[in-house]
Amino acid sequence: MNHTEAQGLIKLCTKAYRQPADADDEVLWLATLGDLPFGLARAAVVEWVRTSPYWPRPADIRERARLIDAQQKREAAKRKQLDDRARHAITAATTTPAAAARTGANMVRHILGRLADAGQDVANGKRLGKERAKTVAEAAVEEWLDRTADQPAAPEPYTGPATACPNCYTPHDQPAGTWCTTCAADREPTHQPA
């Protein structure tokens, strides 16, 4: 904050409280509040004038500026967190196979087809009005999303045994090419007494 800005803040207080400022107020405010950014100091003075009937001391302005700065930082962190959540939700919603099928090239083909059905043929210079094209496109998007809403979710990856019996194809945890216990028992010759 510089001399002119300090004078402006003091002038704001003199107008609000209808009190003249001392000649040393500018020097005092500049020495005690000079390290604050002017916008933050001004916001603190305006908030103080709005809420207090008393002339502010530099310590009052500094404390109010600290509170305003903390609130602004909290709001910025909250906005960033919400933006990150929204960005993650969009990424997660569009990277699954089902979501890609719903929002990919097939959806664009569907919308362009609906526009063509409504009479738009850009290649031959025939266009719908802006509002009509918007209405048709929005209806096509809703129709496409309704039609593709029942798509099955992507199958879970197989996490079972890596091998199977070559005879009955039953999964088992034995080395590849070996039969399961049931097939191996059936394969063994039965010895009957003679």
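No lab work stands behind these numbers, since they all come straight from the coordinates. Just so you know, these numbers come straight off a predicted model, no measurement behind them. All Cβ positions, glycine included, derive from the backbone under ideal geometry; neighbour counts span all protein chains shown.
Each other residue within a Cβ distance under 14 Å of Glu47 adds +1 if Lys or Arg and -1 if Asp or Glu, for a net charge of +2. Estimated from the Cβ-Cβ distance and a Förster radius of 25 angstrom, the FRET efficiency linking Arg127 and Ala105 is about 0.65.
Less than 5 angstrom separates the built amide H of His172 from those of Thr163, Ala164, Cys165, all sequence-distant by 5 or more or on a different chain. Coupling constants for the stretch 166-183 follow from the phi torsions by the Karplus curve (6.51 cos²θ - 1.76 cosθ + 1.60, θ = phi - 60°), and in residue order they are x, 8, 10, 6, 7, x, 8, 9, 8, x, 4, x, 8, 7, 6, 4, 5, 5 Hz; glycine and proline get x.
Ranking request for peptides 69-79, 27-37: highest mean number of other beta-carbon atoms within 10 Å first, then the rest in descending order. Mind dumping the intermediate values first?
Numbers: 69-79: 10.6, 27-37: 15.7.
So the order, starting with the most tightly packed, is 27-37, 69-79.
If you take every residue apart from Leu28 with its C-beta less than 11 Å away from the C-beta of Leu28, what net charge results, scoring Lys and Arg +1 and Asp and Glu -1? Before the final figure, lay out the partial values.
Working: positive: Arg57; negative: Asp22, Asp24, Asp25, Glu26.
Result for the local shell: -3.
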